[in-house]
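Step one of this worksheet: look at the structure below.
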Amino acid sequence: QTQAQDKTMQVDWELSQSLTADGHGVRGVGIADLFSSSKDGGDSKPSVSGADQYKLVTGTQAGTVMEFGIPTASLDAWQYQHDNAVTSVLCCDDNNTVITGSKDSKIRLFDRTTKALQGTLEGHQKPVTSLAVHKQWLVSGSWDGTAKIWNWQTQAMVGTLPDHENSVCVTILGASDTSLQVVTGSAGRAQPNNQIRDHTVRLWSIDLSTGQVTKLYQVANDHDGPIRDVCVMESSGSPQLATCSNDGTVKLRAPESGKCSSTLMFLQQQQQHPPMLLSLCSTTDGCLVASAEDGHVIVWDLASGVAEPQTILHASCVWRVEPLPNGDFCTASDDGTVRIFTRASDRMATTEERQAFADDVAAATAKKQGGPSAEEIAKLPFWEQNHEKRGTSEGQVQLFQKGGIAIAAQWSTASQTWIEVGQVMGNAGGGGGGGENEGMLDGVRYDHVLPVELENAGSVVNLKIGYNNGENPFTAAQRFIDAHMLPQYHLSQIADYIQQRTGSGGGAPMLGDASVPPPTTGVPMATYQHIPAKHYLAFELSVKSASTTLDKMKIKLAEFNKLSDAQMDRVGALMDVIKATNRYHSCKIEDVMIFGDLLNNLEPSQSFPALDLARLAVLHPDAADTRHSAIWNDVFQKAILLFGDPASKEGPAIPMLSFRLFANALKGGPGSQKALLPLMETILNVCAKPHVQSSNKNVRLSLATLFYNMAVYAKMAGLPSTNFPIELFLTILSEVLTTPTFKQYEEPAMMRTLQTLGTLCLAYPAECKMVAKRLFLASKVEPAASAHSSTTKAAAKEVYAALQ
């Protein structure tokens, strides 16, 4: 820092500005730096009168987006309304593209100047929880247990980082032109003993040209609770990783191994109730900032080596902290306010503003000592007028006054009404401890740790819920539902139970089977719509075109002058039967041997009419009968040999018609199926593998159809895995689904490829998952479908689920 800067810097962080818009809780903040010079870690370029140095774009739990100019505090309320709560916001390196993550699982791209929606990225199955960006590369984390890599400029998915334990937080450790290094943290899974385990830090490398994902390391269970955020500290000499957790600690980690080098604790608060730390950031001058569920913001000045952190208490939960271009940081709070904190005296708020902030915090602390006061209840909207206040998202909790008491209601999107769930009461414990119920849970100390019994699949699982005096019981109940992924309809029952146990007492509730909603809800079980493939596909001729097409084949065979008159008569008789498609089930084809004779007499380059005729004949029920199995086996082997001839590489006809012949043989009948079965591995190796990257779309579609029919046959026939080349098959499918190959595949071919993979996964789940994990197949299916329709994307999601 310069000497001039030192004169304006204070030791402690102080409030600089408070920014409030619609009053809804703020979950995410993105920063658009209007002066590129401010990214170097120094002070921002001095602004001219009325000009802003950067913009803060905020997303709220009501789904709204607000934009504040700093330092003018100008407010621009965006007109766009998200369907659900906004959970994360960031601004891209161009400082004009804003990206939001939402509870509805979607990621949206906006032009900050015009406020127009530019695109929507779909791929996650549950709420988006975290976003990180580097140039055109976007990383998203979700409650669905995955992180995904996107090119936000092309709006294409590049890859998936699978197999996380519930909610995922993300950050980018490093990047080059060809690869990306991403760090993820997971929330862990609930164990039968009510412990949360397997919360894990992982480092991944992603090849940006192929989408190949490689996990470099993972470190599990060194926190005592779910990992809530991860960040990279760039200002500490060499990069360091930091993670925060529900256990109230921050762990500093070596980026090359992920191992913890030191642990930062909020000692003052740790003696009573360690706060759940929700967010982390690193300021440009070497401070590490964490935010907590209980409203605390903790700042460790690592650069100066000061051991004791500074704590800044807020009136309510602080969801997010973000570094600002000029060295300040901001907090996003549940009270709907974004606050900026600074150590520069010339940017500090006035004494009156800082005192008002302190008074708000003191009032909120006093308020937590009991339930709503009569004055507070009087300010609530009347229950009788609830129809005038619409909810903003499914499950939103709103307080009303009814008969002089405060009640909680939950918004139902389906019925577009508020549903009363119970009375909001104070607690008998006041501000003191919890007495006999006090204890630790998931590394956090609570005034009350209460037992809950959950019936699941006929057995009873014993869980526990943590609750602190003064806390809204519905907030604690919702936290418990989220942690254990329980159905939302338990909210009222759990909140009532908390109030009973912390007031007049009561027994542990028995919650119904967590996997099955009550009969009155009528919620159906999820089923696959696109997999497995249920029937064969075929390359046939329509009645209208059959005669013309077959006549052209006959003319071409005559032009080659390789067949005798007797052979041409046999060909003509066969064509007459095929033309009479309405008699397929009453006529017979005895002369199947003609195809072997044709392939023997014709030059390889002349074989395409014979292959075309054979692929039509093999669909005839009589021709595909078991008595002709040996003959078809000979025909198929001759077709395979053509792939070794240079003629097969001179044009698309021979591979295309051979793949169609093999595909139709699987639909034809028991004889053709029996003939092809022992040749499947050879066909995949010798014929299919060299043509995966064919430049001809008809070859690609024919090949994808062959894959599809092979999978259908394997599942319908119940082939044992020992008789089916699973590893070879999945290796070839992996090549199809890898960039740049998948970009060549049109939608029908890609859809059939995805359905092939999904069908195989359901037919051979254990074997396919083992091979797929080694090939990183799960991370490839959704990117391969990203350029296609919603139907193909939906199929990709089902295949991804089948691979888990």
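The values are calculated or read from the model by the stated rules, or taken from the named source; none is laboratory data. Only a predicted model underlies this, so the values are computations on that prediction, with no experimental measurement involved. Backbone-built Cβ (ideal geometry, glycine too); neighbour counts: all protein chains shown. Calculation scope for accessible area: heavy atoms of the full protein, side chains included, ligands and nucleic acids excluded. Shrake-Rupley method; radii C 1.70, N 1.55, O 1.52, S 1.80 Å.
Worth pointing out:
- From 313, 324, residue being without any contact (Cβ under 8 Å) to a residue 60 or more places away in the chain, out of contact with any Asp or Glu (no Cβ under 7 Å at 6 or more places or on another chain) and over 16 Å from residue 23 (Cβ atoms): 313
- Boolean, residue 413 is in contact with a Gly (Cβ under 6 Å, 6 or more places away or on another chain), more than 19 Å from residue 496 (Cα to Cα) and at pLDDT below 80: no
Residue-by-condition table, conditions (1) in a loop (DSSP other than H, G, I, E, B); (2) modelled with pLDDT under 95; (3) touching a helix residue (DSSP H, G or I) at 6+ places or on another chain (Cβ under 9 Å):
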{"position": "124", "(1), (2), (3)": "yes, yes, no"}
{"position": "138", "(1), (2), (3)": "no, no, no"}
{"position": "141", "(1), (2), (3)": "no, no, no"}
{"position": "144", "(1), (2), (3)": "yes, yes, no"}
{"position": "159", "(1), (2), (3)": "no, yes, yes"}
{"position": "203", "(1), (2), (3)": "no, no, no"}
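- Taking (1) more than 22 Å from residue 241 (Cβ to Cβ); (2) surrounded by fewer than 21 Cβ atoms within 10 Å (Cβ to Cβ); (3) touching a strand residue (DSSP E or B) at 6+ places or on another chain (Cβ under 6 Å) in turn, residue 172 satisfies each apart from (1).
- Only one of the numbered conditions (1) part of a strand (DSSP E or B); (2) open to solvent by 10 Å² or more (accessible area, probe 1.4 Å) is violated by residue 113, and that is (1).
- Cβ-Cβ under 7 Å pairs, at least 6 apart or on other chains, segment 283-296 side closer than 16 Å to residue 27 by Cβ and touching a residue at least 12 places away in the same chain (Cβ under 8 Å), far side crowded, with 21+ Cβ neighbours inside 10 Å and among the charged types (D, E, K, R): 291/320
- A Cβ distance below 7 Å, combined with a sequence gap of six or more or placement on separate chains, defines the contacts here; from segment 713-726, residues that are closer than 22 Å to residue 686 by Cβ and modelled with pLDDT of 90 or more reach residues that are among the small types (Gly, Ala, Ser) and crowded, with 18+ Cβ neighbours inside 10 Å in the pairs 714/763; 724/714.
- So residue 684, is it under 20 Å from residue 718 (Cα atoms) and either among the small types (Gly, Ala, Ser) or open to solvent by 50 Å² or more (accessible area, probe 1.4 Å) (or both): no
- Complete set of residues in segment 54-103 that are surrounded by fewer than 21 Cβ atoms within 10 Å (Cβ to Cβ), in contact (Cβ under 8 Å) with a residue 60 or more places away in the chain and of a type in the set (D, E, K, R): 83
- Assessment of segment 626-648 against the conditions (out of contact with any Pro (no Cβ under 6 Å at 6 or more places or on another chain), in a loop (DSSP other than H, G, I, E, B) and surrounded by fewer than 17 Cβ atoms within 10 Å (Cβ to Cβ)) yields at least one matching residue.
- Applying the criterion of at least 1 residues that are more than 23 Å from residue 767 (Cα to Cα) and of a type in the set (A, V, I, L, M) to the helices (runs of 4 or more DSSP H) found wholly in segment 674-745 leaves 697-717.
- In segment 539-588, of all residues being aromatic (Phe, Trp, Tyr) and modelled with pLDDT of 85 or more, the one that is most open to solvent (accessible area, probe 1.4 Å) corresponds to 560.
- Looking across segment 205-221 at every residue that is in a strand (DSSP E or B) and open to solvent by 60 Å² or more (accessible area, probe 1.4 Å), the one that is farthest from residue 736 (Cα to Cα) is identified as 218.
- Tally, over segment 300-320, of residues that are under 24 Å from residue 470 (Cβ atoms) and either surrounded by fewer than 20 Cβ atoms within 10 Å (Cβ to Cβ) or among the hydrophobic types (A, V, I, L, M, F, W, C) (or both): 8
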